[in-house]
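Remarks on the structure that follows.
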């Protein structure tokens, strides 16, 4: 008898199919004056502070209105003449995931033509079974997961040759249990998460050596309870997300020192209410949720996704 | 995007930007075409370099260049000058790209790929790294690359350690440097490199080093985790040891004979209600390899089958701190006047190993006696219990009578004496003492209070046989921290709870004061079970289980528990009250699955079903976490999938009494579901079940 988990609300789904992080394409630049919203007057509990930060970011650009976000996302999709969109063309598959999931969280999935999107996704598939960031580009595990996630979002996983895709992903596992991003061999625990998340959506987790995959992730665990990208790598909130999620999916969370890591993660919240990714770094919307990087910074779809998702989860 | 200011475009800018975008698209298009057609001419390759300078994130271009290099290297037939020039060109392209974005994954990886071909020198790479680390000492790409170069070119850990020292000297607030230092030191200590063999010396040096960081700026986190790691290294016990057991050494247990199995006739202190008698071994750390070869159990009567020892943990790792087995007393052996001597020998043969790889090297022996009881305590006594009510007036303080010195004896012998610990290294105590004195100067701030609390707790952990000291002070510190630093409120509260429980279980007087007889009007006084009441303590986390293995009836009501992790060690538990706590879901009650003797359970007045997000879902063995196959799922109970968590937790339990009222999940259909799931149930929410 197959186990079909109970239907999840979209916020719960966000947590289970949680994001493709984070290509980490553009890290925080330590620079210049950035204005933070004034700290709340009364002492507010941490979650409230984070929400206050999101709230003031949104106030800066007007009321949070689902319609405005939808319009923004659709506009980004269509606007091909900006330099920004040219420079990010190679990761359109990720952008599709962020944008479409945001629409889904706002219950507006039907404003896009899913058939058109699915047709484009399939054009991005390589003969190896992996997906590229856009047509003509090379396959990579990052975009393969985004493709799977978008298809899952539209409930169209059946268009996939599941065997082919899962074989591609499984083929990227190395002897020590780690995963490469593609045939060129870059190893990172992000890719471990991606492989595990992707295969679990496709229900093919048994195609990889789960024990070795878990052992590799644990080898990346640090004395502060966090996880890095490779053994010895410094703890970083994004990597921690990937490792913890991978361990959760594989039923291996007992290897996480919950109290120690929980403490480390809570220390990421700074006085303004925002969250940074590592000790003594600037807070970043990627971790906060804010529709842009920070108030007064340019808006983009990556951060819109996290902003709306954050608000949904906190609600 | 990150760090780009938001500003509206002026019309002139707009046109320029559009032109720029158009140009970029044209270049990308041409590049993709070259790539598809495998064109690696000089112009084509240069085009890719130009693109990567504008956009180092264009991953396909890095791939293309690798293919071009492979082809060109093959063509030049290992002529060293050509090889050098080809590879140098690649390094140049990487440097240009890094100048544009020195955090580009693609660029760093390309450089590694080139270096793996045996090119460039350590000095050159370290020079490049110094430049980058001068620009940004926290760039983790640079640190990762440094680690890669050090490994590739076999630079020693000692030299790298010195580098971290240099970085720290330049700036104490360099978390990355401290982190790397911890990695290198762990390695050096693990392989016992010369100069790093004396833990005492190494740690003393490091404590001095990090002290400056902590005292210079108490809000700077860079040193905090390092200090915590040093503390862990100081007190961590290397050897796996047996800490406590059930039965306790020297105890005297009565078991009912076959006729009186049902309904547990009497439940005086050591009268056990089942024929499957549990043996529990509690270690100081997670171990594997506990089985009938490494643990031998001998009694007066033969045990037909080999005993099966199971790790009491909800994961597949075959390792745990607590292991248990059950002795099945054969029917044939019913000589009520005889006492059977049982001896449990742990670790006399090799095989028990800690998960960190240290072999169990301190064999222990536990001896106890078993009596089989044929006659009931009082004739004519009704052997069935009425419904248990967890009210104050049902409990009477336990008075140890002369007939029962055993409980007091038991409480005296709860902790197993291990010789290796009694010679607790003085250097550990000395370090902790020194550090405590130093940090008492920092008590006006968060990190000071927390560190002193941790140090005092660590001191107690070095002396498990002695009564813990400074408990009051530690409890006060955590209470202050809860007010001072509310963002970590729960963390401090949990620690406060653990210390509180240590205090409560630290002496037999304290434990005895919390032991009560349960009085039921249908029973005579002789037949009342003994209950340990840890209610109304405000605890949010459980601990000190090694002191509680003997408990059969436990009242944890009116606390703030969200989880009962660790409770699975209490294999004797048959009555448990968890009402008025903060349990949010059935997945938080996973430990109950291991309590095979549990008959009475009260989880009323909690928050089960109130929260849409289940924070313990993935800690729980279920198909959702791929830790249980879907074949365990039995459709018959599925009138609705809503109760799948309850199903998994309760399905194999032989509960006779269950209370769930006062939870959001409670409903008529839920109760119907429960009655179907638990055929042994006699009372549900106080109402008799048909």
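The values are calculated or read from the model by the stated rules, or taken from the named source; none is laboratory data. Predicted model only: the values in this text are computed from it and were never measured. Note that each Cβ is placed from the backbone with ideal geometry, even for glycine, and that neighbours are counted across all protein chains shown.
With the structure loaded, tell me whether residue B:467 is more than 20 Å from residue B:396 (Cβ to Cβ) and part of a loop (DSSP other than H, G, I, E, B) or whether it fails that test. Yes. Of all the residues in the stretch B:656-690, those that are over 27 Å from residue B:625 (Cα atoms), in contact (Cβ under 8 Å) with a residue 12 or more places away in the chain and part of a loop (DSSP other than H, G, I, E, B) number 9.
Counting only helices (runs of 4 or more DSSP H) wholly contained in the stretch B:26-112, the ones carrying 2 or more residues that are farther than 24 Å from residue A:87 by Cβ occupy B:59-76, B:80-100.
Search the stretch B:169-196 for residues being away from chain A (no Cβ under 11 Å), within 31 Å of the chain's Cα centre (by Cα) and in a helix (DSSP H, G or I), and hand back the single one that is surrounded by the fewest Cβ atoms within 10 Å (Cβ to Cβ). Ranking the candidates gives B:190 first. The residue of the stretch B:608-621 that is nearest to the chain's Cα centre (by Cα), among those that are crowded, with 18+ Cβ neighbours inside 10 Å and within 8 Å of chain A (Cβ to nearest Cβ), is B:619. From the list B:495, B:460, the lone residue that is within 14 Å of chain A (Cβ to nearest Cβ) and on the phi < 0 side of the Ramachandran plot is B:495. The one condition from (1) buried (at least 18 other Cβ atoms within 10 Å of the Cβ); (2) modelled with pLDDT of 90 or more that residue B:96 does not meet is (1).
Just one of the listed residues (B:671, B:606, B:690) is modelled with pLDDT under 85 and closer than 25 Å to residue B:390 by Cβ, and it is B:690. Take the residues in the stretch B:224-234 that are within 10 Å of chain A (Cβ to nearest Cβ) and within 19 Å of residue A:267 (Cα to Cα); name whichever of them is surrounded by the fewest Cβ atoms within 10 Å (Cβ to Cβ). Per the stated criteria, the residue is B:228.
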